[in-house]
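The structure appears below as structure tokens.
The values are calculated or read from the model by the stated rules, or taken from the named source; none is laboratory data. Just so it is clear, the structure is predicted and the values come from calculations on it, not from any experiment. We place every Cβ from the backbone using ideal geometry, glycine too, and count neighbours over all the protein chains shown.
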Amino acid sequence: MLSLIYVSTAATQMNDAEIEAITTRAAARNANAGVTGMLAYNSRNFMQLLEGGGEAVLSIMQDIERDERHESIVYLRQDSRESRECPDWSMRSLLTPLVGIGSASVFTGSLPRTMELDTKMLFTSFASSLTADAAQRHAEQEAALMAGTGAAQND
Ligand SMILES: Cc1cc2nc3c(=O)[nH]c(=O)nc-3n(C[C@H](O)[C@H](O)[C@H](O)COP(=O)(O)O)c2cc1C
């Protein structure tokens, strides 16, 4: 069975609904082709695992490569594995980055038990990498939260 992982850069910043749309469509096509895997998005980059029959995976990957919603695809791994790491997910998306305390362990715990350690480590480190955009948004959210708390205290 062929298993591959790539990272890419989103052409524009996408919202949850856009990621959901990609995932729903992907899950339907992958299910037909016997392909499984997972997609992580950290508000700037994608990391995706695809696994299944060699022809099926490569043919889907050809479409993904042509997709203008992302660019600069870099393959991190492409090898043959004995068994599937995400046997129950025809495609599932996980939105990151992880900013809350303890969220990395929750994230790792939510990965399939069948996923191998090297893959879990790749996804967890991807999920923990905070882009400048995301860091800025997080700081703004925190500031808004603090302002809200302050206002409540002054009342
Ligand atoms: C980051 C990313 C991941 C994608 N993953 C898949 C996938 O796993 N399977 C799939 O069929 N399409 C996936 N797509 C969508 C394909 O690139 C392509 O748009 C789609 O397969 C075309 O199908 P349609 O024209 O029949 O709707 C992905 C697109 C992006 C941007």
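From the set of residues in the range 46-66 that are within 7 Å of the ligand (Cβ to nearest atom) and within 15 Å of the chain's Cα centre (by Cα), which is farthest from Thr9 (Cα to Cα)?
My answer is Leu50.
Under the condition of being more than 9 Å from the ligand (Cβ to nearest atom) and part of a strand (DSSP E or B), which residue from the range 7-30 is surrounded by the most Cβ atoms within 10 Å (Cβ to Cβ)?
Among residues in the range 7-30 that are more than 9 Å from the ligand (Cβ to nearest atom) and part of a strand (DSSP E or B), the one surrounded by the most Cβ atoms within 10 Å (Cβ to Cβ) is Val7.
Taking the range 31-45 as the search range and keeping residues that are at pLDDT 95 or above and on the phi > 0 side of the Ramachandran plot, which one is nearest to the ligand (Cβ to nearest atom)?
Here the answer is Gly37.
Taking the range 13-36 only, how many residues are in contact (Cβ under 8 Å) with a residue 40 or more places away in the chain and either of a type in the set (A, V, I, L, M, F, W, C) or more than 16 Å from Leu95 (Cβ to Cβ) (or both)?
Going through the range 13-36 one residue at a time, the tally reaches 10.
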